[in-house]
1. Residues in the range A:259-303 that are in contact with a strand residue (DSSP E or B) (Cβ under 9 Å, 6 or more places away or on another chain) and farther than 17 Å from residue A:224 by Cβ: how many?
2. Is it the case that residue B:175 is without any contact (Cβ under 8 Å) to a residue 12 or more places away in the chain and at positive phi?
3. When both residues are 6+ apart or on different chains and their Cβ atoms are under 6 Å apart, which pairs have a first residue that lies in the range A:328-339 and is closer than 15 Å to residue A:243 by Cβ, and a second that is modelled with pLDDT under 95?
4. For residue A:434, indicate whether it is touching a helix residue (DSSP H, G or I) at 6+ places or on another chain (Cβ under 9 Å) and surrounded by 18 or more Cβ atoms within 10 Å (Cβ to Cβ).
5. Any residue that is more than 25 Å from the chain's Cα centre (by Cα), surrounded by fewer than 20 Cβ atoms within 10 Å (Cβ to Cβ) and on the phi < 0 side of the Ramachandran plot - is there at least one of those in the range A:248-260?
6. Quick check on the range B:142-152: of everything there that is at negative phi and at pLDDT 95 or above, which residue is surrounded by the fewest Cβ atoms within 10 Å (Cβ to Cβ)?
7. Among (1) crowded, with 24+ Cβ neighbours inside 10 Å; (2) facing another protein chain (nearest Cβ under 8 Å); (3) assigned to a loop (DSSP other than H, G, I, E, B), which single condition is residue B:209 missing?
8. Return the residue satisfying two criteria in turn: it lies in the range B:232-241 and is over 22 Å from residue A:111 (Cα atoms) and surrounded by fewer than 19 Cβ atoms within 10 Å (Cβ to Cβ), and of such residues it is farthest from the chain's Cα centre (by Cα).
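The values are calculated or read from the model by the stated rules, or taken from the named source; none is laboratory data. Everything numeric here is computed off the predicted structure, so don't read it as measured data. For neighbour counting, all protein chains shown are included, and Cβ atoms are generated from backbone atoms with ideal geometry for every residue, glycine included.
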């Protein structure tokens, strides 16, 4: 602020022409811990477009396609920094996928659409409905996300639940479920019944589901349910479908799931659209029964310190520019200016793993909704939709310097193996340097949860590898289904560097034998 | 969830009898979000409030071109004078946040740097009127302004002389372009609605869930300010007059007997021909093309193509609609039977419907 004021004072005293002070007050970013490793920039937005970014993808030639809050799709040419508008008039598009130069898939509120430029003039003239066989109640919270390309060539989309914050339209699309509060009460007694319908509800088909669609035919397969507000869909390098979801009812904190066909991932509302559902009101089932049905999250994002509202999931490309992180999975976040890494592993048939910050810089701003890599630049599209967030598109370019960072974390029978980007200092065998806490979140209907059953992590032994790039720590005992959150800020590299991202949280579901 | 904090801005809220500082114990005041944006504009550029109401103007500088902005609410007719007075502050301006002293200023925010927010809490004047607000940072005020409608109903966006015309365009879907197609929630329609702006101030709402035209109106196209400013819950508003509305339960197209079951619609999308949409859908598997355009006489026209009907086609003309009807559909072919147009399969292959005014 002081700097800005002095800048503007300078411009005023220098040239006090009528419009003199309207000149740009160039704001120099505060140097932060991430600046030596990542150069953060921004794109100018096209004129007359509300710059909230619903979706981002790259064309093979490095151009970037983006969809905007008011329904436009634009294509950015980095070479000359220009935008060309491709399509317009879409209903809250929240994700897009480039098929080729003349074809883009976009998920808008009412449908998955193929936008085609049939005459080759660079502008879409054909808006083809690829899939719209899902319900719309008119409730504002029924956002639709995706599409993301699966390794088999199909695409994956996800459908939000409706929110108790509002009732439904008089006319809906699709059949209205007769399970639970009768439909007419949504109109006549909303204020009285809103508590009964559930904080989030699914009264029209496939709300709370992840759906796989064949882009050639539009044939859709409801893939998995139990979701609340699954903004982030992605695949890891091994081809696992990953979906994240937002803290809220039935979500003590935000979560990431490894999603299998037919799975149920915790939020009960969507269960009534399972084939052969027995007609019971899902949210009134005993928690023990739901617990048996569900697959718990592979990774919890502890609320407050890691992510409050996770977004796009993608992989860091396997190019030299991204150094040791190549091939790892990252996740965006709405409420804080950060992108996180997720380290997954399968133990005894169960997926679990860790999360830690990757880049956490105020320069990135908030609302980091969509992430796409192109030509060694990471483009970050921001939105808010009236919640916490921001706007525009940021760029992240690696400088080539690699920070001292945790590279990987794996569970061992009695503890964890940490791998680092640099050799550790010799004193790292001291157990007192490996501190942290463990805790869990309950599975309950309430909105969010405090961390419960919290205790300090006690490390018994630390063993370094010969090259000191990895360390195995051992614990006296396990608390299952706990997050082990380490605070490694007391560690140093042999070079003297401090860890760039000292907090790492591992969700323990199973321990290897 | 965002939790606005109500921090009163003691130094800068210049109290007058009409505007008094409120403490945090008061009941929830109405929150009005206003962003400062690229191109020197307030978003949204106007709002309505009740005389004497407590409000929080939730300001945020989202200008990506690194400009500083403030928000100064002034007495009616005083906008230009305040902008001039702010300029004359010259070197003293910055210390005063470019807010000139005097009773013409009713409330003012701090000068906000990019990314900064301020919840400006105030009481709207008791005297109904249109109160301008403006950014008094030197050079901004000539184009960066808006209006608070206190106890006065806002006119249609494009007829509003109290806001810059460029600001109005931003919220009329398509920015005034005709023809134009915008998918958005619409009143009196299913949720998969499509709004269509046509030449001659004509507009239509087409329902992609039910694959049928719902209504036609003449006047301003949709003002999406409230829908776009929030999470999508608020419906857009529209100006002018409904010319025709399809009955809620009408079956738009039926095959065979008048008592035949309603066919199952499946929406296939649309192409744009010089901006006019040609909707494609199937009804029980029979493909229909429906172009929404304007004919030579300036009436809304539906160019219909039902290529493979095996039996007679019955088109509902919506003449049983409740309420006043100002126009009716006339066809180039087929025979009328009450509110229905009957076509042979050959006639149905290509026919036109024009919405012609009914002479009173």
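1. 5
2. Numbers: without any contact (Cβ under 8 Å) to a residue 12 or more places away in the chain: yes; at positive phi: yes.
Considered against the rule, which asks whether it is without any contact (Cβ under 8 Å) to a residue 12 or more places away in the chain and at positive phi, residue B:175 comes out as yes.
3. A:329/A:236
4. Values: touching a helix residue (DSSP H, G or I) at 6+ places or on another chain (Cβ under 9 Å): yes; surrounded by 18 or more Cβ atoms within 10 Å (Cβ to Cβ): yes.
Spelling it out, residue A:434 is indeed touching a helix residue (DSSP H, G or I) at 6+ places or on another chain (Cβ under 9 Å) and surrounded by 18 or more Cβ atoms within 10 Å (Cβ to Cβ).
5. Looking only at the range A:248-260, we keep the residues that are more than 25 Å from the chain's Cα centre (by Cα), and these are none.
Scanning the range A:248-260, I find no residue that is more than 25 Å from the chain's Cα centre (by Cα), surrounded by fewer than 20 Cβ atoms within 10 Å (Cβ to Cβ) and on the phi < 0 side of the Ramachandran plot, so the answer is no.
6. The first filter runs over the range B:142-152 and keeps only residues at negative phi, leaving B:142-150, B:152.
Of the ones still in play, those that are also at pLDDT 95 or above are B:144-150, B:152.
Working: B:144: 28, B:145: 27, B:146: 25, B:147: 25, B:148: 27, B:149: 19, B:150: 23, B:152: 16.
The extreme case among them is B:152.
7. Result: residue B:209 fails condition (1) only.
8. As a first pass, look at the range B:232-241 and keep what is over 22 Å from residue A:111 (Cα atoms): B:237-241.
In the following step, the residues that additionally are surrounded by fewer than 19 Cβ atoms within 10 Å (Cβ to Cβ) were identified as B:237, B:240-241.
Numbers: B:237: 5, B:240: 12, B:241: 15 Å.
Only one residue tops the list, namely B:241.
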